[in-house]
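Please read the structure below before turning to the comments.
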Amino acid sequence: MGNLLKVLTCTDLEQGPNFFLDFENAQPTEAEREVWNQVNVVLKDARGILDDLQAYKGAGEEIREAIQHPNDDNLQEKAWGAVVPLVGKLKKFYEFSQRLEAALHGLLGALTSTPYSPTQHLEREQALAKQFAEILHFTLRFDELKMTNPAIQNDFSYYRRTLNRMRINNVQAEGENEVNNELANRMSLFYAEATPMLKTLSDATTKFVSEHKNLPIENTTDCLSTMASVCKVMLETPEYRSRFASEETASFCLRVMVGVIILYDYVHPVGAFAKTSKIDMKGCIKVLREQPVNSVEGLLNALRYTTKHLNDETTSKQIKSMLQ
């Protein structure tokens with residue numbers, strides 16, 4: 001494969017082999033095609049989900065008016081009419097998270113199966129590795145947008161309160177068929193998370209490991225650590241970074257690197273920050289620190305606030321201070 005360059009051998013770095021992973025041009029081979037097609041159906045909708053979330057303005061004004069004038073039926077109807085279609089969008093985002101979970105299971109199954117090592121899989125199946133990266137990129141972008149939009153939880157809370165009040169008063173609620181009580185409970189848990197998509201992926205990866213007891217956990221964690229290592233090397237080596245046709249690929253790599261670190265931290269028994277971790281955390285943080293601050297602050301915050309083991313006693317003071 002012409003676009004695949006081995007840049008370091010196993011002996012060069014403790015955290016394992018590194019190679020150029022062509023995130024821009026990788027195409028599926030026949031062996032990858034079946035899984036690739038299944039995942040591609042999901043990824044085709046990811047861009048639209050992000051566009052919808054970015055354009056999500058909420059019904060704050062209508063809700064405020066309705067709360068301030070509880071006896072004005074027109075304002076109550078106006079607020080309800082504004083919130084119902086928005087909850088339809090929130091339902092779509094939540095259902096997409098479930099599709100993403102299924103897609104991730106398919107990819108993990110392909111990228112961790114025997115007889116190949118995770119490194120061999122990522123080298124041989126670059127199109128699947130690219131899709132895995134695209135899922136991580138989408139996840140972090142979704143959560144960044146969600147965290148900066150308080151209207152989402154406000155709208156959904158208002159919807160649930162109004163729906164409960166309608167039930168008590170035996171009023172038939174238009175839109176209730178859209179989101180029934182059971183679904184509303186699940187959605188409520190989803191949106192209560194600071195980073196709901198990341199939580200979905202972390203849970204899905206943990207579930208994958210527990211469901212495949214015949215597969216060593218290292219197959220999954222090595223897949224994640226190798227991906228982090230590959231992204232780090234491609235970003236910090238000018239020769240490889242210059243291969244990116246678009247500067248967007250650099251920010252894509254940064255997001256993917258952070259995404260796999262967080263997943264590794266959730267799935268690996270001791271996490272990503274321990275000395276025994278196969279991820280060069282100091283190197284990864286250094287790469288992030290070398291980027292323009294405004295472009296990586298969200299990613300540094302993701303490492304600070306959404307990882308599981310950063311504050312463990314086993315995490316070195318140097319790593320903690322690098323993230324302060």
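One table, with the values for the structure above:
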read-out	value
Residue match in segment 236-243 (condition: surrounded by 15 or more Cβ atoms within 10 Å (Cβ to Cβ), in contact with a His (Cβ under 6 Å, 6 or more places away or on another chain) and within 15 Å of Phe20 (Cβ to Cβ))	no
Residue ID - nearest to Asp155 (Cα to Cα), chosen from residues in segment 68-97 that are surrounded by fewer than 16 Cβ atoms within 10 Å (Cβ to Cβ) and in contact (Cβ under 8 Å) with a residue 40 or more places away in the chain	Gly88
Residue in segment 298-305 that is over 17 Å from Gly259 (Cβ atoms) and either open to solvent by 50 Å² or more (accessible area, probe 1.4 Å) or basic (Lys, Arg) (or both) present	no
Search result, residues across segment 198-231 that are without any contact (Cβ under 8 Å) to a residue 12 or more places away in the chain and among the hydroxyl-bearing types (Ser, Thr, Tyr)	Ser210
Selection status of Tyr158, touching a helix residue (DSSP H, G or I) at 6+ places or on another chain (Cβ under 9 Å), more than 25 Å from Glu101 (Cα to Cα) and surrounded by 14 or more Cβ atoms within 10 Å (Cβ to Cβ)	yes
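The values are calculated or read from the model by the stated rules, or taken from the named source; none is laboratory data. Worth saying up front: this structure is predicted, and the values here are computed from it rather than measured. Heads up, the Cβs are rebuilt from the backbone with ideal geometry, glycines too, and the neighbour counts pull from every protein chain shown. For accessibility, only protein heavy atoms count, side chains too; no ligands or nucleic acids. Shrake-Rupley method; radii C 1.70, N 1.55, O 1.52, S 1.80 Å.
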